[in-house]
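K.L.:
Would you mind keeping the following structure in view while I ask a few things?
Nothing in this text is a laboratory measurement; each read-out follows from the coordinates by a stated rule. Values in this document were obtained by computation on a predicted structure and should not be read as measured data. Cβ atoms come from the backbone with ideal geometry, glycine included; neighbour counts cover every protein chain shown.
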Amino acid sequence: MEQDPIHRHKDVLAHTVAVVAKTEPEITVRLAALFHDIGKPDTRSFDHGGVTFRHHEEVGARITKRRLDALGYPEPLVGQVSELVRLSGRFKGYADGWSDSAVRRYARDAGPLLGKLNHLVRCDCTTRNRARAEGIQAAVDDLEARIQTLAEEDRRRAERPGLDGDGVMAHLGIGPGRHIGEALAFLLEVRRREGDLEVAELKSRIDAWWADRA
């Protein structure tokens, strides 16, 4: 892309070469690095004396797909590379402070590409400002740690039946015993099959289960 001497911005070609050089030798990430800024020429605009590239990732993803299709790359690879290009700018908002929901959404949207996306984000940092570069790497470390922590919390939550032993006893009007463990095992199986249910529905299921045992 031709560089504007007045509205200064980093040299996109030099930056792209640097990003590609930093990536691990894996074709999906390498191609995503090569194309991650391809949408900038089509989205460049000048606001308040500066240059912006709004939605260049979305535009770039479409261009990437067209180019890779034309070059005959396999469809699954084209889809993965295009998706990495589309998601490549998501991390930029992390410094503003993401909620747990935002972190979960980032991980969910990336899906099986999460590791490659985070690697691309790390490689996209080509600043010569050491403090800024270290700050970005630390932020990615923090994001990855939060993703892991939240995934573990979600896993533990999925292993709970949605109604605890005290709740079962209070609802059925019975005391502790082996049957409480059996009731919780029943509720856990319901959760595994059907996902999260409202407490009222869980109580209805327990009523039916308890009646069958009578």
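K.L.:
Only counting other Cβ atoms within 10 Å, I'd like 35, 91, 46, 186 sorted with the fewest neighbours first. Intermediate results must be reported in sequence, preceding the final value.
P.N.:
Values: 35 23, 91 20, 46 11, 186 17.
With the sparsest Cβ surroundings first, the list reads 46, 186, 91, 35.
K.L.:
Counting only residues 5 or more places away or on other chains, whose amide H sits under 5 Å from the amide H of residue 38 once H atoms are built in the peptide plane?
P.N.:
Here nothing satisfies the definition.
K.L.:
Moving to a separate point now. Kindly put 171, 36 in sequence by how many other C-beta atoms sit within 10 Å of each C-beta, fewest to most.
P.N.:
Working: 171 16, 36 29.
Least crowded to most crowded, the residues run 171, 36.
K.L.:
Could you tell me the center-to-center distance, by alpha carbons, between region 141-197 and region 59-98 in angstrom?
P.N.:
A separation of 38 Å, based on Cα centres.
K.L.:
Using the Karplus curve 6.51 cos²θ - 1.76 cosθ + 1.60 with θ = phi - 60°, work out ³J(HN,Hα) for each residue of region 119-124 in order, rounded to whole Hz, and write x for Gly and Pro.
P.N.:
5, 4, 4, 4, 6, 6
K.L.:
Mind telling me which of 41, 76, 112 comes out most flexible in a GNM of the chain, alpha-carbon contacts under 10 Å?
P.N.:
76
K.L.:
Among (i) 45; (ii) 13; (iii) 20, which is the computed percent of Cα pairs over 30 Å apart?
P.N.:
(i)
K.L.:
When only C-alpha pairs under 8 Å and at least 6 residues apart count, what is the relative contact order of the chain, in percent? Could the numbers behind the result be given before it?
P.N.:
On the way: 195 pairs, mean separation 31.3, N = 214.
Contact order relative to length: 15 percent.
K.L.:
Residues of region 161-182 with backbone nitrogen within less than 11 Å of a virtual label 7 Å along the Cα-to-Cβ line of residue 199, please, listed as ranges.
P.N.:
163-164, 167-168, 171
K.L.:
Let me ask something additional. Arrange the following residues from fewest to most other Cβ atoms within 10 Å of their Cβ: 99, 82. Kindly include the intermediate steps, with their values, before the conclusion.
P.N.:
Working: 99 8, 82 23.
In order of increasing Cβ crowding within 10 Å: 99, 82.
K.L.:
Continuing with this model, one more query. Starting from the Cα-Cα distance between residue 179 and residue 108, subtract it from 0.36 nm times their residue separation and give me the gain in nm to one decimal.
P.N.:
Once the chain is fully extended between residue 179 and residue 108, it gains 21.8 nm.
K.L.:
Continuing with the same structure: Work out the P(r) tail for region 165-213: percent of alpha carbon pairs separated by more than 18 Å, whole number. Could you put the intermediate results ahead of the total?
P.N.:
Details: 239 of 1176 pairs.
Looking at region 165-213, the distances longer than 18 Å represent 20 percent of pairs.
K.L.:
Only Cα pairs within less than 10 Å get springs; with that Gaussian network setup on the chain, which residue of 62, 90, 130 has the largest fluctuation?
P.N.:
It is 130.
K.L.:
List the lysines whose Cα sits under 27 Å from the Cα of residue 40, skipping any in the same chain fewer than 8 residues away.
P.N.:
Straight-line reach from residue 40, under 27 Å: 10, 22, 65, 92, 116.
K.L.:
Rounded to the nearest 0.05, what FRET efficiency do residue 66 and residue 18 have when you use their Cβ-Cβ distance and R0 = 35 Å?
P.N.:
The calculated FRET efficiency here is 0.90.
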